[in-house]
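*Asks:* Below is one structure. I have some questions about it.
The values are calculated or read from the model by the stated rules, or taken from the named source; none is laboratory data. Owing to the predicted nature of the structure, the values given are computational and were not obtained by experimental measurement. Backbone-built Cβ (ideal geometry, glycine too); neighbour counts: all protein chains shown.
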Amino acid sequence: MGSIIAFHSYKGGTGKTLLSVNLASTYARKGRNICLFDLDFRAPSLHAAFKAEGNGYWLNDYLNGTCDIKKVLVELNTFHTGSGRLFVGLANPATEAIREMSAKDRKWEMRALGRLLSLKTALFNDMHLDHIIFDTSPGLQYSSINAIVSADMAIVVSSLDASDIKGTQRMTRELYDLFEKKTGIILNKIPAGHLATPDKKEKLLKELKAIHNLPIIDVIPCFCKVLEAGGTYIFAVERPEHPFTAILNEVATTIEEGRAYIEAGFQYVCDIQGAQLFKKRK
Amino acid sequence: MTTFRGSQKNATQILERIREGLDRLNEKMDVVIEIQRHGQRDNESIPDVLDVMTLLSLPDHLRKTAVTLCKLNQATADEVAGQTKRARAVESGYLNQLVLMGYVKKERRGRKAYFFVEKEE
């Protein structure tokens, strides 16, 4: 069975959506079957990222229990996907829908958790998916915690902002660890000066590993071209030669390798000279 | 020889019934202990919704059981134990604690006790 990967962050604007959209496309271009869900109901963005029209059904409807999940999924054309298949589950961007989702009570959130948990059986068995990717809302909100609990793996996207680092540390202790979630960090939008030489990069990684005590999946510099694109196109699809796309290919491979180790009964211990060390779980 | 085998089979069945009886007794004792422990608490103030915020507030051992039950939707203590890799009797105790706290419901069907967060419509 495939895995559910949740992209999460403490603060907004760290690049969760950019990374989840581009990673989903990267996987699809590698021949994987992917489903990407927009679980940020307060600021839906996947419809804009893929310029995809809703098909009349939204993830909101699925979580409300008014339709089957398969009715929600929109399959993207092969331009985005290459040899794999890429489905998206869109959140309703209408103001009324956002307002409605913000006013849900605890009982509704409990049912929403149940519905997210049942996605795994509903989708992996029938649709031969390799991965489901959740693009979540930042911080400790119901929708993002529901997503983390339902996922097999959490990828935290963090910047070098001091409050982001502190918040990520707290979330590791008070969220990911409590739910025994496999977690990795992607450091995004890192100023070029920090990565100017291999020594500087090594020093930065050493400091951040000591702070977070989690595997660092990759470090992504702040690329002007990516910012210039402004989410108007899928960068990894249209700029395959760019270093950002090369890094996403690395990220895709690292996630699958890490998962293979964990499935084989190993757990991450630490990094030694750039190599991740795993030990056999008891 | 045949008589010996027959009586051995009977003895196994009786032992199995005794084990099941003891399991049920154990579950009931867990409930009694929990009722005594929580006797002083004001039940009105206990939230009965097993959402993620409740899950976060639970002690680690109960959280694991509760998350597993959420994943399984409804399950016996044996099925939960199969997922958590803890003993059935331990899970039975934890599930009964969650029942007492008002987060989980319990229904007996024949000899088996099923636990669930919310019944499927």
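*Asks:* So, in region A:93-110, exactly how many residues are touching a Leu at 6+ places or on another chain (Cβ under 7 Å) and away from every other protein chain (no Cβ under 14 Å)?
*Replies:* Summing the residues that are touching a Leu at 6+ places or on another chain (Cβ under 7 Å) and away from every other protein chain (no Cβ under 14 Å) in region A:93-110 gives 0.
*Asks:* Evaluate region A:127-142: report whether one residue or more is more than 30 Å from residue A:70 (Cα to Cα) and either under 16 Å from the mean Cα position of the chain (by Cα) or not β-branched (Val, Ile, Thr) (or both).
*Replies:* No, region A:127-142 contains no residue that is more than 30 Å from residue A:70 (Cα to Cα) and either under 16 Å from the mean Cα position of the chain (by Cα) or not β-branched (Val, Ile, Thr) (or both).
*Asks:* Here's a follow-up. Could you list, in sequence order, all residues of region B:50-74 that are under 23 Å from residue B:32 (Cα atoms) and either at the interface with chain A (Cβ under 10 Å from one of its Cβ atoms) or in contact with a helix residue (DSSP H, G or I) (Cβ under 7 Å, 6 or more places away or on another chain) (or both)?
*Replies:* B:50, B:58, B:60, B:61, B:62, B:63, B:64, B:65, B:66, B:69
*Asks:* Follow-up. Does region A:122-142 hold any residues that are modelled with pLDDT of 90 or more, away from chain B (no Cβ under 12 Å) and surrounded by 18 or more Cβ atoms within 10 Å (Cβ to Cβ), and which are they?
*Replies:* A:129, A:130, A:131, A:132, A:133, A:134, A:135, A:136, A:137, A:138, listed by residue number.
*Asks:* So, one more: Among the residues of region B:75-121, count how many are within 14 Å of chain A (Cβ to nearest Cβ), aliphatic (A, V, I, L, M) and assigned to a helix (DSSP H, G or I).
*Replies:* Of the residues in region B:75-121, 1 are within 14 Å of chain A (Cβ to nearest Cβ), aliphatic (A, V, I, L, M) and assigned to a helix (DSSP H, G or I).
*Asks:* Taking region A:175-201 only, how many residues are in contact (Cβ under 8 Å) with a residue 12 or more places away in the chain and part of a helix (DSSP H, G or I)? Full working, then the answer.
*Replies:* Here is the first cut: in region A:175-201, the ones in contact (Cβ under 8 Å) with a residue 12 or more places away in the chain are A:175-176, A:179, A:181-192, A:194-195, A:201.
If we keep only those that are part of a helix (DSSP H, G or I) as well, we get A:175-176, A:192, A:194-195, A:201.
Adding up the residues that qualify gives 6.
*Asks:* Hey, residue A:160 hits all of (1) surrounded by fewer than 21 Cβ atoms within 10 Å (Cβ to Cβ); (2) out of contact with any strand residue (DSSP E or B) (no Cβ under 8 Å at 6 or more places or on another chain) but one; which does it fall short on?
*Replies:* (2)
*Asks:* Listed residues A:119, A:113, A:86, A:90; which is within 12 Å of another protein chain (Cβ to nearest Cβ), surrounded by 22 or more Cβ atoms within 10 Å (Cβ to Cβ) and out of contact with any Pro (no Cβ under 6 Å at 6 or more places or on another chain)?
*Replies:* Every option except A:113 fails the conditions.
*Asks:* Got at least one residue in region A:29-41 being farther than 25 Å from residue A:138 by Cβ and among the hydrophobic types (A, V, I, L, M, F, W, C)?
*Replies:* No, every residue in region A:29-41 fails to be farther than 25 Å from residue A:138 by Cβ and among the hydrophobic types (A, V, I, L, M, F, W, C).
*Asks:* In the list A:168, A:172, which residue meets the criterion of being assigned to a helix (DSSP H, G or I), touching a Phe, Trp or Tyr at 6+ places or on another chain (Cβ under 7 Å) and touching a residue at least 12 places away in the same chain (Cβ under 8 Å)?
*Replies:* A:168
*Asks:* Okay, moving on. Quick check on residue A:107: is it buried (at least 18 other Cβ atoms within 10 Å of the Cβ), at pLDDT below 95 and charged (D, E, K, R)?
*Replies:* No: the conditions fail for residue A:107.
*Asks:* What pairs come out if I take residues in region B:48-74 that are in contact (Cβ under 8 Å) with a residue 40 or more places away in the chain and pair them with residues that are surrounded by fewer than 18 Cβ atoms within 10 Å (Cβ to Cβ) and not in a helix (DSSP H, G or I) whose C-beta lies under 6 Å away, six or more apart or interchain?
*Replies:* The qualifying pairs are B:48/B:102; B:74/B:114; B:74/B:116.
*Asks:* Follow-up question, since we're still on this one. Please verify whether residue A:152 is surrounded by 17 or more Cβ atoms within 10 Å (Cβ to Cβ) and either away from chain B (no Cβ under 14 Å) or β-branched (Val, Ile, Thr) (or both), treating the condition exactly as stated. Outline the logic, then answer.
*Replies:* Details: surrounded by 17 or more Cβ atoms within 10 Å (Cβ to Cβ): yes; either away from chain B (no Cβ under 14 Å) or β-branched (Val, Ile, Thr) (or both): no.
No, not satisfied.
*Asks:* So, residue A:132, is that one part of a helix (DSSP H, G or I) and within 26 Å of residue A:181 (Cα to Cα) or not?
*Replies:* So residue A:132 fails the test.
*Asks:* Further, regarding this structure: Quick check, is residue A:56 assigned to a loop (DSSP other than H, G, I, E, B) and either on the phi > 0 side of the Ramachandran plot or at pLDDT 95 or above (or both)?
*Replies:* It is true that residue A:56 is assigned to a loop (DSSP other than H, G, I, E, B) and either on the phi > 0 side of the Ramachandran plot or at pLDDT 95 or above (or both).
*Asks:* Can you tell me which of (1) hydroxyl-bearing (Ser, Thr, Tyr); (2) touching a helix residue (DSSP H, G or I) at 6+ places or on another chain (Cβ under 6 Å); (3) part of a loop (DSSP other than H, G, I, E, B) is the one residue A:66 doesn't meet?
*Replies:* (2) is the only condition that residue A:66 fails.
*Asks:* Moving to a separate point now. Name the residues in region A:24-49 that are more than 9 Å from residue A:86 (Cβ to Cβ) and assigned to a strand (DSSP E or B), would you?
*Replies:* Passing the criteria: A:37, A:38, A:39.
*Asks:* Could you figure out which of (1) within 16 Å of the chain's Cα centre (by Cα); (2) of a type in the set (A, V, I, L, M); (3) more than 11 Å from chain B (Cβ to nearest Cβ); (4) assigned to a helix (DSSP H, G or I) isn't true of residue A:145?
*Replies:* Residue A:145 satisfies all of (1) within 16 Å of the chain's Cα centre (by Cα); (2) of a type in the set (A, V, I, L, M); (3) more than 11 Å from chain B (Cβ to nearest Cβ); (4) assigned to a helix (DSSP H, G or I) except (3).
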